[in-house]
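Input: a single structure, listed below in structure tokens.
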Amino acid sequence: MTAPLFAPREHDVARVALPVPIDRLFDYAVPAALSASARPGCRVRVRLRRRLVSGVIVERGAGSDFRGRLAPIEQLIDPEPVLSPALLGVLREAAIECLCPIGLALAAALPAGSAPRSARGFQLTPRGQQALASAGLAEPARGLLARLARGPATAAALRREAAGPGGKLDDSLQDLLRDGLIAARQLERAPRAQAASERVASLAPGVTAEAALAGVRAPAQAALLARIARAGSLPVRELEREQPGAAARLRALAARGLLELGRRPAPRDVLGERGPAEPPPALTPEQSDAVKEIADAIRAQRCERFLLHGVTGSGKTEVYLHAIAEALAQGRQALVLVPEITLTHQILARLRGRFGDGLAVLHSGLSPGERLEQWQRLRAGATPIAVGARSALFAPLEKLGVIVIDEEHDGAYKNEEGFRYHARELAGRRAAAAACPLVLGSATPSLESRFAADRGRLRRLVLARRIGDRPLPAVTIVDLVRERELSPRGRRVVLSGALERALRETLAGGGQSILLLNRRGFSTQVFCFACGAAERCQHCDIALVYHATAQQLRCHYCDFQIPPPERCSQCGAPDTSLLGTGTERLEEELRARLPEARIARLDRDAAQQRGYTARVLRELRERRLDVLIGTQMVAKGHDFPGVQLVGVVLADVGLHLPDFRAAERTFQLLTQVAGRAGRDRAPGRVIVQTYAPGHPAIRPVRDHDYESFYAEELGQRAALGYPPFGRLVQAIVQSADAAAALAGAQALALAAAAPDGPEVLGPAPAPIARLRGKHRFQLLLKGADPERLHAAARRVVEATGQLPRGVQASVDAFPVNML
């Protein structure tokens, strides 16, 4: 039997992962011209149905199971692989474990917007050309056809260029399509993310400075030539600043063949401040022991996992720096992760002070172009150190010598959408693939990490003392119930007497203070005294928060906003009041009580302005601020020697949420923020205001007693079979129709059920039962056998494909946020 005429040769098939919610690879024929260069890890453009999409080659196979004619690869985007074989393997394993389609996982590992893209556009047809030549067309049809006569364009481009309302233009486009005067087509567009470049001028090849100057009589042109000849090449922008009108003279010189005008990369500086270039301080005995253990693993290229458990101020960062130095000394690279973008400023300054500019930073606060430039530096081997938040884990480092995860307990390391990986687990896979150690650092390790250390799966290194044997700050817990009893009737307690006195004393003594309130806004709700209703979001089962600066009620989940109503929306009564306190109201009250203090606020609202966070933290470090008010952004990882007082305005925020990790998060947050005080010679103090002073998550904070909290919380988890004694899988089903959402959740529960399978809890309304206009139901799978739990979760994922239209489901194999 002869082979089909169009069948590809067996070795000419590539299996490609596409960024679509389908968990499979797609087979494409490899054209002969690309046979040698289209390798696993390279991105390609291929046709999926009628559109071109970008994907990643995962395998080159010997034949295909597809029986028809394979579509060919249309374009090779990368001449070299952008994902190494090791990282490709890590991502494939992690995608299976996280129940994520492989194409979505690989897309998450690459810089957003760095691949070519397609957009729906329009082109003129022969019939349209004839119509344009006639005199019978009215506007805006004539204008649209005239524009398309110059070349195809997207609808967005046509809207930008059109004068008039967009709806009318869209109607005109539909009319022209229906009449056959234009045709829809997919237009290829350059990547959204572009590395910055600049125009430069240099002497033309083969032209000497003497020869060029000999042929130029105009003094201004001669001066330009002489300046360029001395430097070799210079940016056109710089020459324009020095000599207005230089651009025209440069073009004239280039036309005569004396100069060459081109472009060169001009990467933007995103590294921020450089720390002082000081010699490394002498290590404490505990630090020396920790550094030796980690350095031995680096030198031996041994994948060993360490838990660096050090109290706040014990010098964990210095241990990281020594580990990085050892990796660099071995000719290898280092990857450092921090949980928040705000923390990159501090660690970057320390790294630059120690290692210079040989590092790159990756986080979502960068523009797509800036992020692409940093990624390209790493990929080219121009820097051996990568620093960033969660997604920096995908940095293209091929010779990893050490991976560091600072504040490893932080929930920000969990990606909550799409590829739902946890950076801690994925880092373990990268460390194993690279044969390098993984260092997890924290003053308040997650229960899972500490339990793993107790079972020998992590090696625990302890830093039990602060640098210089400085004492941990004294902690006072203020009972707000008692405080309210002592206050005039009806007076709300924002700052207790103890906290206000401490603020005044610290200010008078020249010290600085941090106030933590993990609630944004001015007031947490608008409450009606007549009917007891609070103003709520129209799309979410959440009370609206009043923001005084914008004079708006805002939903912190969907960003729904309305002006504050003059009357209750439920009963019409005018007797409404702002209840609860957010960071805006706290700032207002503090400015009234301490008018002489220099005060700043740092929360997500204030930090939206680019550069604001770095400026505020710099002012605090340089002691140009007296009091910093903030949410959890101010609680972790920062080192400000001038901070002598930390006040927690309300420790109970988040304590009673319907999440089994609520107590753990509260203890961690309070311990972390307490650790910001007293890091210099002056002793620190902490005042914690709470309505639950005896709660197991709050009581141990007084003595910085992680061990007693760990023991008590571990007992609670063991009784319930919750992590670390078992695992959970969470499925959320949502729909605009509550009955449809419930029916969908019940169908998933049936798919999960099996005689030897995990326990199925639910379905039940999710803790936030309505979000962004959708009703939500939750299903939990709980079990101690990972294989059976994963098998049940796979059945749930497969069942989501059978849900009716309008019902969506998401499945998280390692949930962290249970809301």
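Quick one: count up the residues across region 715-757 that are open to solvent by 20 Å² or more (accessible area, probe 1.4 Å), under 29 Å from Ala452 (Cα atoms) and touching a Leu at 6+ places or on another chain (Cβ under 9 Å).
Residues meeting the conditions: 5.
Scanning region 109-138 for residues that are assigned to a loop (DSSP other than H, G, I, E, B), surrounded by 12 or more Cβ atoms within 10 Å (Cβ to Cβ) and more than 42 Å from the chain's Cα centre (by Cα) yields Thr125, Leu137.
Pairs meeting the criteria (first residue in region 600-619 and among the hydroxyl-bearing types (Ser, Thr, Tyr), second residue part of a loop (DSSP other than H, G, I, E, B) and open to solvent by 30 Å² or more (accessible area, probe 1.4 Å), beta carbons under 8 Å, at least 6 apart or on different chains) are Thr613/Ile341.
Using the structure shown, decide if Arg332 is surrounded by fewer than 18 Cβ atoms within 10 Å (Cβ to Cβ), at pLDDT 90 or above and among the charged types (D, E, K, R).
Values: surrounded by fewer than 18 Cβ atoms within 10 Å (Cβ to Cβ): no; at pLDDT 90 or above: yes; among the charged types (D, E, K, R): yes.
Against the criterion (surrounded by fewer than 18 Cβ atoms within 10 Å (Cβ to Cβ), at pLDDT 90 or above and among the charged types (D, E, K, R)), Arg332 does not qualify.
If I ask for residues that are in contact with a strand residue (DSSP E or B) (Cβ under 6 Å, 6 or more places away or on another chain) and either farther than 22 Å from Arg274 by Cβ or among the small types (Gly, Ala, Ser) (or both), which ones from region 359-380 would you list? Within region 359-380, just Ala360 meets the criteria.
Hey, among Thr312, Thr344, which residue is hydroxyl-bearing (Ser, Thr, Tyr) and either assigned to a helix (DSSP H, G or I) or in contact with a strand residue (DSSP E or B) (Cβ under 6 Å, 6 or more places away or on another chain) (or both)?
On the way: Thr312 fails: either assigned to a helix (DSSP H, G or I) or in contact with a strand residue (DSSP E or B) (Cβ under 6 Å, 6 or more places away or on another chain) (or both).
Selected residue: Thr344, the only one of Thr312, Thr344 that is hydroxyl-bearing (Ser, Thr, Tyr) and either assigned to a helix (DSSP H, G or I) or in contact with a strand residue (DSSP E or B) (Cβ under 6 Å, 6 or more places away or on another chain) (or both).
Condition first: basic (Lys, Arg) and closer than 21 Å to Arg92 by Cβ. Now tell me which residues in region 373-398 satisfy that. Walk me through it before giving the result.
First, the residues of region 373-398 that are basic (Lys, Arg): 377, 379, 390.
Of everything in region 373-398, those that are basic (Lys, Arg) and closer than 21 Å to Arg92 by Cβ turn out to be Arg379, Arg390.
When Ala718 is tested against the conditions (1) closer than 30 Å to Ala766 by Cα; (2) touching a residue at least 60 places away in the same chain (Cβ under 8 Å); (3) assigned to a helix (DSSP H, G or I); (4) not acidic (Asp, Glu), the lone failure is (2). On the given criteria, is Ser288 among the polar types (S, T, N, Q) and at pLDDT below 90? Taking the combined requirement at face value, the residue does not satisfy it.
Any idea which residue in region 258-309 is farthest from Thr208 (Cα to Cα), counting only those that are of a type in the set (Asp, Glu) and assigned to a loop (DSSP other than H, G, I, E, B)? Looking at the filtered set, the residue picked out is Glu304.
Ser64 - would you say it is polar (S, T, N, Q), modelled with pLDDT of 90 or more and either assigned to a loop (DSSP other than H, G, I, E, B) or surrounded by fewer than 15 Cβ atoms within 10 Å (Cβ to Cβ) (or both)?
In short, no.
The condition of being surrounded by fewer than 23 Cβ atoms within 10 Å (Cβ to Cβ), touching a strand residue (DSSP E or B) at 6+ places or on another chain (Cβ under 6 Å) and more than 30 Å from Pro723 (Cα to Cα) holds for only one of Gly642, Gly684, that being Gly642. Just one of the listed residues (Gly654, Gly637, Gly647) is open to solvent by less than 30 Å² (accessible area, probe 1.4 Å) and in a strand (DSSP E or B), and it is Gly647.
So which of Thr344, Thr383 is under 18 Å from Gly275 (Cβ atoms) and surrounded by fewer than 24 Cβ atoms within 10 Å (Cβ to Cβ)?
The match here is Thr383.
Scanning region 667-681 for residues that are within 24 Å of Met818 (Cβ to Cβ) and open to solvent by 10 Å² or more (accessible area, probe 1.4 Å) yields Gln668, Leu669, Thr671. For region 189-206, filtering for residues that are of a type in the set (Ser, Thr, Tyr) and in contact with a Pro (Cβ under 7 Å, 6 or more places away or on another chain) leaves 1. The set of residues from region 780-819 being without any contact (Cβ under 8 Å) to a residue 24 or more places away in the chain and in a helix (DSSP H, G or I) comprises just one member, Glu787. None of Ala431, Ala427, Ala412, Ala453 is closer than 23 Å to Lys636 by Cα, in a helix (DSSP H, G or I), touching a residue at least 60 places away in the same chain (Cβ under 8 Å) and open to solvent by less than 10 Å² (accessible area, probe 1.4 Å) except Ala427. Sub-7 Å Cβ pairs linking a first residue in region 697-713 that is more than 12 Å from Ala674 (Cβ to Cβ) to a second residue that is part of a helix (DSSP H, G or I) and of a type in the set (D, E, K, R), at least 6 apart or interchain, are Tyr710/Arg450; Glu713/Glu664, ordered by first then second residue.
Within region 457-500, the set of residues being of a type in the set (D, E, K, R), closer than 30 Å to Pro724 by Cβ and in a strand (DSSP E or B) comprises Arg459, Arg460. Scanning region 187-227 for residues that are assigned to a helix (DSSP H, G or I), among the charged types (D, E, K, R) and over 51 Å from the mean Cα position of the chain (by Cα) returns a single hit, Glu210.
Among all positions in region 245-256, there is at least one residue which is basic (Lys, Arg), within 30 Å of Arg227 (Cα to Cα) and open to solvent by less than 90 Å² (accessible area, probe 1.4 Å). When Gly232 is tested against (1) open to solvent by less than 30 Å² (accessible area, probe 1.4 Å); (2) of a type in the set (Gly, Ala, Ser); (3) closer than 28 Å to Leu372 by Cβ, only condition (1) is not met.
Kindly indicate which of Leu177, Leu145 is over 30 Å from Asp78 (Cβ atoms) and surrounded by 18 or more Cβ atoms within 10 Å (Cβ to Cβ).
Leu145 is the lone residue from the list that is over 30 Å from Asp78 (Cβ atoms) and surrounded by 18 or more Cβ atoms within 10 Å (Cβ to Cβ).
The values are calculated or read from the model by the stated rules, or taken from the named source; none is laboratory data. This is a predicted model, so every value here is computed, not measured. So basically every Cβ, Gly included, is an ideal-geometry build from the backbone, and we count neighbours across all protein chains shown. What goes into the accessible areas is simple: the full protein's heavy atoms, side chains included, and nothing from ligands, DNA or RNA. Shrake-Rupley method; radii C 1.70, N 1.55, O 1.52, S 1.80 Å.
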